[in-house]
1. So, in region 52-79, how many residues would count as being modelled with pLDDT of 80 or more, open to solvent by less than 60 Å² (accessible area, probe 1.4 Å) and more than 18 Å from M95 (Cβ to Cβ)?
2. Checking I87 against (1) closer than 24 Å to L163 by Cβ; (2) touching a Leu at 6+ places or on another chain (Cβ under 7 Å); (3) open to solvent by 50 Å² or more (accessible area, probe 1.4 Å), which single condition isn't satisfied?
3. I'm trying to understand the selection: among the residues of region 24-34, which are over 14 Å from P77 (Cβ atoms) and open to solvent by 50 Å² or more (accessible area, probe 1.4 Å)?
4. Failed condition for V37, given (1) modelled with pLDDT of 90 or more; (2) surrounded by fewer than 15 Cβ atoms within 10 Å (Cβ to Cβ); (3) among the β-branched types (V, I, T), with all others met?
5. Could you grab me the full set of residues in region 84-121 that are over 28 Å from L22 (Cα atoms) and either of a type in the set (A, V, I, L, M) or in contact (Cβ under 8 Å) with a residue 24 or more places away in the chain (or both)?
6. Can you name the number of the only condition in (1) under 26 Å from H17 (Cα atoms); (2) surrounded by 15 or more Cβ atoms within 10 Å (Cβ to Cβ); (3) modelled with pLDDT of 70 or more that A138 fails?
7. Among the residues of region 3-14, count how many are open to solvent by 50 Å² or more (accessible area, probe 1.4 Å) and either aliphatic (A, V, I, L, M) or in a loop (DSSP other than H, G, I, E, B) (or both).
8. Hey, does region 102-121 have a residue that's among the small types (G, A, S) and under 13 Å from the mean Cα position of the chain (by Cα)?
Amino acid sequence: GDFVILHTDEATHSGYHYSCVLYLSTQGEDFEGGNFVFNDPVDEGDKSADIYDEDNSDGADMSLADAIRLVGRKLTPFHPTKGAAVIFSSGWENMHEVETITSGTRYAVPCFFTTCPVPDAAYDQMVQGKPKTNEDVADDWLHLLLAHREESPVESVGRVKELLMKWHYMCAPLTS
């Protein structure tokens with residue numbers, strides 16, 4: 001089955017500052033396995049059962065990759081359910097992985113957010129450009145999310161790209 005190795009999103013893409021995974025299926029009903037797992041360093045004195053060390057590996061030979069991933073680490077699994085979301089900052093403070101899916105299909109929508117401003121030149125490529133008033137922002141939200149203006153398939157793809165580029169700008173007030 002599919003799995004995702006231990007990583008951080010910001011290390012993969014430096015523009016990712018916040019991450020989210022929205023689940024469209026439920027573990028135990030639609031699929032088995034596939035936990036989303038945070039992997040954190042052990043706090044001194046923590047005696048949690050989910051902490052791995054060389055002494056509690058049950059004598060099994062642990063691969064070097066598993067030792068690096070598990071020894072001295074605390075694993076915090078999230079069991080996906082339809083409609084649930086995991087939202088977290090994308091840096092090294094939130095190393096994570098997805099365990100192997102053993103059966104079924106796990107549907108999830110990953111989302112990534114940035115705090116980097118959109119360069120003004122990028123707005124020149126957009127159909128509606130940079131919003132100037134709060135009403136423009138509201139109209140952009142309606143169009144970008146609901147496509148209430150007539151458009152071709154190519155324009156539809158551009159609308160989605162424009163939504164992603166304007167997301168943070170439209171969430172911020174135009175005036176302070």
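1. Of the residues in that region, 1 qualify.
2. Going through the list (1) closer than 24 Å to L163 by Cβ; (2) touching a Leu at 6+ places or on another chain (Cβ under 7 Å); (3) open to solvent by 50 Å² or more (accessible area, probe 1.4 Å), I87 breaks only (2).
3. Scanning region 24-34 gives L24, E29, D30.
4. Of (1) modelled with pLDDT of 90 or more; (2) surrounded by fewer than 15 Cβ atoms within 10 Å (Cβ to Cβ); (3) among the β-branched types (V, I, T), only one is false for V37: (2).
5. A121
6. (2)
7. So in region 3-14, the residues open to solvent by 50 Å² or more (accessible area, probe 1.4 Å) come out as 3-5, 10-14.
Filter once more, keeping what is either aliphatic (A, V, I, L, M) or in a loop (DSSP other than H, G, I, E, B) (or both): 3-5, 11, 13-14.
Final tally of qualifying residues: 6.
8. Taking region 102-121 first, the residues among the small types (G, A, S) are 103-104, 108, 121.
Checking which are under 13 Å from the mean Cα position of the chain (by Cα) leaves us with 108.
The answer is yes, given that some residue of region 102-121 is among the small types (G, A, S) and under 13 Å from the mean Cα position of the chain (by Cα).
The values are calculated or read from the model by the stated rules, or taken from the named source; none is laboratory data. None of the values given here were measured: they were computed from a predicted structure. Virtual Cβ from ideal backbone geometry, glycine too; neighbours counted across all protein chains shown. For accessibility, only protein heavy atoms count, side chains too; no ligands or nucleic acids. Shrake-Rupley method; radii C 1.70, N 1.55, O 1.52, S 1.80 Å.
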